[in-house]
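Undergrad: Structure in structure tokens, see below.
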Amino acid sequence: MSKIWATLCATTRRLWALRNWKSYDVIYLQRELLPFGGPVIERWLKRRGAVLFFDYDDALFIKKASRYNKIATLLRSGDKALQLFRVANCVVAGNNWLRDAAISAGANQAVTLEVAEDTARIAMHAPHTNDAPVTIGWLGSPSTVKYLRVIEPMLQEIAQTYPNVQWEIMGGNDFAMEGVDWKLCDWSLDEELKALARFDIGLMPLPLEDWAKGKSGGKARTYMAAGIVPVVTAIGYNLELVRNGETGYLCTSLDDWHAALTQLIEDANLRQTLATAARAEIETRFDPATIAASMAQLFTEAVDDTKAN
């Protein structure tokens, strides 16, 4: 009931915010306005001259079952995202695969704009040394911690070979793995920053499926911003984000994962070299001011085009 009530309150706030929609130059959507039915309100706004942007960085057009609520699963519809692509003046995608999916679905305009990362809020990791146990961490949510199962046998082997390695999960509640002594921490913004300061190596395993191709690298990008070496599945946007052996490791097999973690655990100098390069990559490529300027340009062009037509 609490989730139903929260959904109703959120829907009411969205609709209330639209009461003065004519005073807005742009209406920026990251999800549909209503959690049920088609994009009726969005179409209504578009017909009356509103400029709509739809921003997405997950494969929302692929229906995934809710872990918590069967009703939520019934209400979800990948087709709604496809409809929104065609309604919006511009679709802003977190990676090229998502952009191409929007174009294929008939989007009026679709562009890739990589997600910014504010390194000002994340302190650079202390220098990597051999003086303290290595901490291997994972950052995420209860709905995605299951992806650690993809590499479970390898993690169990690493834990047995290196008993001094410490293991930590930030945000994946009630998770357990035989043979790996995971320390679990509930997520909060402050605790996330503290966890990032403890991690030396950050994991991002993903299943080899289209849903994973829609991921826009948030987890790996945060690791890199913190000076944590990312070790990730070689799929989708990860291939564009991580330079294998330079800013992290891309893995296609359990052997790849094992080799990467072994090298990083044993060589603090290697961790430091990759972590420094990763942080520098994020600071330049994902600078919020630069990406904000690109977004502002998209807004200006869309508003000008609407006025011209």
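Undergrad: Can you tell me how many residues in region 148-171 are in a helix (DSSP H, G or I) and polar (S, T, N, Q)? I'd like the intermediate steps shown before the answer.
TA: Step one: list which residues in region 148-171 are in a helix (DSSP H, G or I), which gives 148-161.
Among the residues that remain, those that are also polar (S, T, N, Q) are: 156, 160-161.
The number of residues fulfilling the criteria is 3.
Undergrad: Go through region 257-287 and count every residue that is free of Cβ contacts under 8 Å to residues at least 12 places away in the same chain and not hydrophobic (A, V, I, L, M, F, W, C).
TA: 5
Undergrad: Here's a follow-up. Under 8 Å by Cβ, and 6 or more places apart or on different chains, what pairs join a residue from region 294-309 that is among the hydrophobic types (A, V, I, L, M, F, W, C) with one that is outside any helix (DSSP H, G or I) and surrounded by fewer than 13 Cβ atoms within 10 Å (Cβ to Cβ)?
TA: 299/25; 303/25
Here's the yes/no breakdown for (1) in the same structural domain as residue 162 (by TED's automatic domain parsing); (2) among the acidic types (Asp, Glu); (3) part of a loop (DSSP other than H, G, I, E, B):
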residue: 232; (1), (2), (3): yes, no, no
residue: 240; (1), (2), (3): yes, yes, no
residue: 246; (1), (2), (3): yes, yes, yes
residue: 255; (1), (2), (3): yes, yes, no
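Undergrad: So residue 103 fits all but one of (1) buried (at least 19 other Cβ atoms within 10 Å of the Cβ); (2) out of contact with any Asp or Glu (no Cβ under 8 Å at 6 or more places or on another chain); (3) of a type in the set (Val, Ile, Thr); what number is the exception?
TA: (1)
Undergrad: For region 181-189, state whether one or more residues are over 19 Å from residue 132 (Cα atoms) and in a helix (DSSP H, G or I).
TA: Narrowing region 181-189 to residues over 19 Å from residue 132 (Cα atoms): 184-189.
Then drop every residue that is not in a helix (DSSP H, G or I), which leaves 189.
Yes; the residues of region 181-189 include at least one that is over 19 Å from residue 132 (Cα atoms) and in a helix (DSSP H, G or I).
Undergrad: Tally the residues that are basic (Lys, Arg) and more than 16 Å from the chain's Cα centre (by Cα), restricting the search to region 99-154.
TA: At the first step, the residues of region 99-154 found to be basic (Lys, Arg) are 99, 121, 146, 149.
Restricting the remaining residues to those that are more than 16 Å from the chain's Cα centre (by Cα) gives 121, 149.
Number satisfying all stated conditions: 2.
Undergrad: Kindly provide the set of residues from region 7-40 that are among the hydroxyl-bearing types (Ser, Thr, Tyr), surrounded by 12 or more Cβ atoms within 10 Å (Cβ to Cβ) and part of a helix (DSSP H, G or I), ordered by number. Steps first, please.
TA: So in region 7-40, the residues among the hydroxyl-bearing types (Ser, Thr, Tyr) come out as 7, 11-12, 23-24, 28.
With surrounded by 12 or more Cβ atoms within 10 Å (Cβ to Cβ) added as a condition, the list becomes 7, 11, 24, 28.
Across region 7-40, the qualifying residues are 7, 11.
Undergrad: For residue 174, which of the numbered conditions (1) touching a Phe, Trp or Tyr at 6+ places or on another chain (Cβ under 7 Å); (2) assigned to a loop (DSSP other than H, G, I, E, B) fails to hold?
TA: (1)
Undergrad: Right, next: For region 197-225, how many residues meet the condition of being under 15 Å from residue 97 (Cβ atoms), charged (D, E, K, R) and surrounded by 24 or more Cβ atoms within 10 Å (Cβ to Cβ)?
TA: Counting residues in region 197-225 that are under 15 Å from residue 97 (Cβ atoms), charged (D, E, K, R) and surrounded by 24 or more Cβ atoms within 10 Å (Cβ to Cβ) gives 1.
Undergrad: Another one. Residue 215 fails exactly one of the following numbered conditions: (1) basic (Lys, Arg); (2) more than 25 Å from residue 135 (Cβ to Cβ); (3) not in a helix (DSSP H, G or I). What is the number of that condition?
TA: Only one criterion is unmet by residue 215, namely (2).
So that you can scan it fast, the table gives a plain yes or no per residue for (1) closer than 24 Å to residue 287 by Cα; (2) at pLDDT below 95:
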residue: 132; (1), (2): no, yes
residue: 144; (1), (2): no, yes
residue: 151; (1), (2): no, no
residue: 168; (1), (2): no, no
residue: 186; (1), (2): no, yes
residue: 199; (1), (2): yes, no
residue: 211; (1), (2): no, yes
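The values are calculated or read from the model by the stated rules, or taken from the named source; none is laboratory data. Bear in mind the structure is a predicted one, so any value in this text is a computation, not a measurement. Please note: Cβ atoms are built from the backbone with ideal geometry, for glycine as well, and neighbour counts cover all protein chains shown.
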